[in-house]
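Report on the following structure.
The values are calculated or read from the model by the stated rules, or taken from the named source; none is laboratory data. This structure is a prediction, so every number in the text was calculated from the model and none was measured. Ideal geometry is used to build each Cβ from the backbone, glycine not excepted, and the neighbour counts take in all protein chains shown. These area figures cover heavy atoms from the full protein model, side chains too; ligands, DNA and RNA do not enter into them. Shrake-Rupley method; radii C 1.70, N 1.55, O 1.52, S 1.80 Å.
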Number of protein chains: 2
Amino acid sequence: MNIDADLFKKLSFFTEPEFKEELLKHGQLASFNKGDVIVRDGQYVKFLPIVLKGAIRVYQQKEDREILLYYVRAEETCTMSLAAAYFNNQSSSHGIVTEPAEVLIFPASLIDQWQLKYPSWNRYVMNMFRRRYDELINSFEGIVFDPISVRVLEYLQNKAAKENSSTIEISHQQLASELGTTRVVISRILKDHEKQQKIKLYRSRIELL
Amino acid sequence: MNIDADLFKKLSFFTEPEFKEELLKHGQLASFNKGDVIVRDGQYVKFLPIVLKGAIRVYQQKEDREILLYYVRAEETCTMSLAAAYFNNQSSSHGIVTEPAEVLIFPASLIDQWQLKYPSWNRYVMNMFRRRYDELINSFEGIVFDPISVRVLEYLQNKAAKENSSTIEISHQQLASELGTTRVVISRILKDHEKQQKIKLYRSRIELL
DNA sequence: TCAAAACGGTATCAAAAGATACACAAGCAA
DNA sequence: TTGCTTGTGTATCTTTTGATACCGTTTTGA
């Protein structure tokens, strides 16, 4: 694979020519398989990832339950890593590859300089922070105001829209993890939705009607 | 009041001399009373506030219920305003003064340049984003994992610690708003806590034991 | 091929939280 | 004072969610 060509198709919002050079010079392309661990709770973050392809699930682990923060997808970076790297802190989150990923990796020490040199980088960082924050607010609202039955449906519709397909490959257990509840609750609710002809259930697969 | 002296006592983490000059040159000191509206949902954000004293409550309004995002206190800025100003977006939140406030106000157009010129500003912004994000995660965790009874107690203890006093001036209705629930629920829970000798209730006042 | 693991359905029970309604007290303003 | 607003206590009822348990089916891998 030719890094140069593909890189700038993906990261076209980094506009400064010198910045592009730096990206090429300092960036390293890494491939990860599903299940690979990118960061672990407690680790110091020395490298900043920018995802080109695939998805990384970022979540926090507290006792037995977990909180999903976000997925890092193409063109995105992990704001938790960014902040931890910038302040030389330990990560408070886990990052695990859920879709085979290609990731650009940069030494954390560059962030400082980039901020001062490249407006497009600044914009990018601000935008990422804003988006992650908005995402979290949205989840927050969902939990406070919407019953799980609604959140399940929204999750499915959302996912279907993203993947441009009316069937979604996911088990009840996974769904429960995403929404922060238990498998039994999800199964019960999905069955209800099926009775109301909103969805159709298969093994590890849900079809939206 | 002498702006210069007080300003740099408060904002000592802005280290660059030229930056200090800029702060003095472009900053305007404004005073607000309790209840004053700083930003409204839908408004374009043309000015960036840095609070020197007091507190501003930032929240989102959805239908009849509201979501508390954070309070902007001394030395802090409002990340929602910051992002909205930077991207020239409308605010999606409300900001209302809850403790008489003194606020430094800067034209939003400066943010861009500051990012490129002043490392300490960069650090400040990153830190604010990180903190707000962490705060939100914490609330999130609370809602997902802790029963309201626990969250009420934590809220009170937290507030008591901040104000360095074992009595807190707050009505049940206000508490309900802060925690995203209803008055009746709060009254019920507070009474329970009182029976367990954890607190003592007065009109619009709660004493921690 | 056979056993274990993953997946899903469902019943029962309990707990948490919200909705509603009503009563009374304290503070405030005309 | 009188009436209005705000604050609080509490009872009742319902809904939502979670916990537990048990069962059968499908998939997977040794």
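Remark: pairs (first residue in the stretch A:124-145, at the interface with chain B (Cβ under 7 Å from one of its Cβ atoms) and more than 16 Å from residue A:60 (Cα to Cα); second residue outside any helix (DSSP H, G or I) and of a type in the set (Phe, Trp, Tyr); Cβ separation under 8 Å; 6+ apart in sequence or on different chains) = A:126/B:87; A:130/B:87. One residue alone among A:67, A:96 is open to solvent by 40 Å² or more (accessible area, probe 1.4 Å) and within 18 Å of the chain's Cα centre (by Cα), and that residue is A:96.
Just give me the residues in the stretch A:173-208 being among the acidic types (Asp, Glu) and under 26 Å from the mean Cα position of the chain (by Cα), in sequence order. Those that are among the acidic types (Asp, Glu) and under 26 Å from the mean Cα position of the chain (by Cα): A:178, A:207. If residue A:75 satisfies every condition in (1) crowded, with 17+ Cβ neighbours inside 10 Å; (2) more than 10 Å from chain B (Cβ to nearest Cβ); (3) touching a Leu at 6+ places or on another chain (Cβ under 9 Å) but one, which is the exception? That leaves (1) as the condition not met.
Reported count of residues in the stretch B:80-129, each being closer than 24 Å to residue B:35 by Cβ and among the aliphatic types (A, V, I, L, M), is 10. Counting the residues of the stretch A:110-119 that are more than 9 Å from chain B (Cβ to nearest Cβ) and surrounded by fewer than 17 Cβ atoms within 10 Å (Cβ to Cβ) gives 1.
Looking at B:171, B:187 in this structure, which one is more than 14 Å from chain A (Cβ to nearest Cβ), more than 9 Å from DNA strand C (Cβ to nearest atom), surrounded by fewer than 17 Cβ atoms within 10 Å (Cβ to Cβ) and of a type in the set (Gly, Ala, Ser)? Even if it seems obvious, please write down each step before you answer.
Numbers: B:187 fails: more than 9 Å from DNA strand C (Cβ to nearest atom).
Sole residue among the options that is more than 14 Å from chain A (Cβ to nearest Cβ), more than 9 Å from DNA strand C (Cβ to nearest atom), surrounded by fewer than 17 Cβ atoms within 10 Å (Cβ to Cβ) and of a type in the set (Gly, Ala, Ser): B:171.
In the set (1) surrounded by fewer than 20 Cβ atoms within 10 Å (Cβ to Cβ); (2) in contact with a Ser or Thr (Cβ under 7 Å, 6 or more places away or on another chain), the condition left unmet by residue A:107 is number (2). Scanning the stretch B:142-159 for residues that are more than 13 Å from DNA strand C (Cβ to nearest atom), more than 16 Å from the chain's Cα centre (by Cα) and open to solvent by less than 60 Å² (accessible area, probe 1.4 Å) returns a single hit, B:156.
On the given criteria, is residue B:134 among the charged types (D, E, K, R) and within 10 Å of DNA strand C (Cβ to nearest atom)? When the stated conditions are applied, residue B:134 does not pass them. Scanning the stretch A:41-60 for residues that are out of contact with any strand residue (DSSP E or B) (no Cβ under 6 Å at 6 or more places or on another chain) and either basic (Lys, Arg) or under 26 Å from residue A:179 (Cβ atoms) (or both) yields one hit, A:46.
Looking across B:106, B:87, B:140, one residue alone is in the same structural domain as residue B:50 (by TED's automatic domain parsing), within 16 Å of DNA strand D (Cβ to nearest atom) and of a type outside the set (Val, Ile, Thr). It is B:140.
Among the residues making up the stretch B:190-209, those that are buried (at least 18 other Cβ atoms within 10 Å of the Cβ) and either more than 9 Å from DNA strand D (Cβ to nearest atom) or at positive phi (or both) are B:193, B:199.
Kindly establish whether residue B:29 is more than 13 Å from chain A (Cβ to nearest Cβ), in contact with a helix residue (DSSP H, G or I) (Cβ under 9 Å, 6 or more places away or on another chain), over 29 Å from residue A:139 (Cα atoms) and buried (at least 17 other Cβ atoms within 10 Å of the Cβ). Write out each step before concluding.
On the way: more than 13 Å from chain A (Cβ to nearest Cβ): yes; in contact with a helix residue (DSSP H, G or I) (Cβ under 9 Å, 6 or more places away or on another chain): yes; over 29 Å from residue A:139 (Cα atoms): yes; buried (at least 17 other Cβ atoms within 10 Å of the Cβ): no.
So residue B:29 does not fit the description; no.
Scanning the stretch B:160-209 for residues that are without any contact (Cβ under 8 Å) to a residue 24 or more places away in the chain and small (Gly, Ala, Ser) returns B:161, B:165, B:176, B:187. Scan the stretch B:72-95 and tell me whether some residue there is in contact (Cβ under 8 Å) with a residue 60 or more places away in the chain and hydroxyl-bearing (Ser, Thr, Tyr). Looking for residues that are in contact (Cβ under 8 Å) with a residue 60 or more places away in the chain and hydroxyl-bearing (Ser, Thr, Tyr), one finds none in the stretch B:72-95, hence no.
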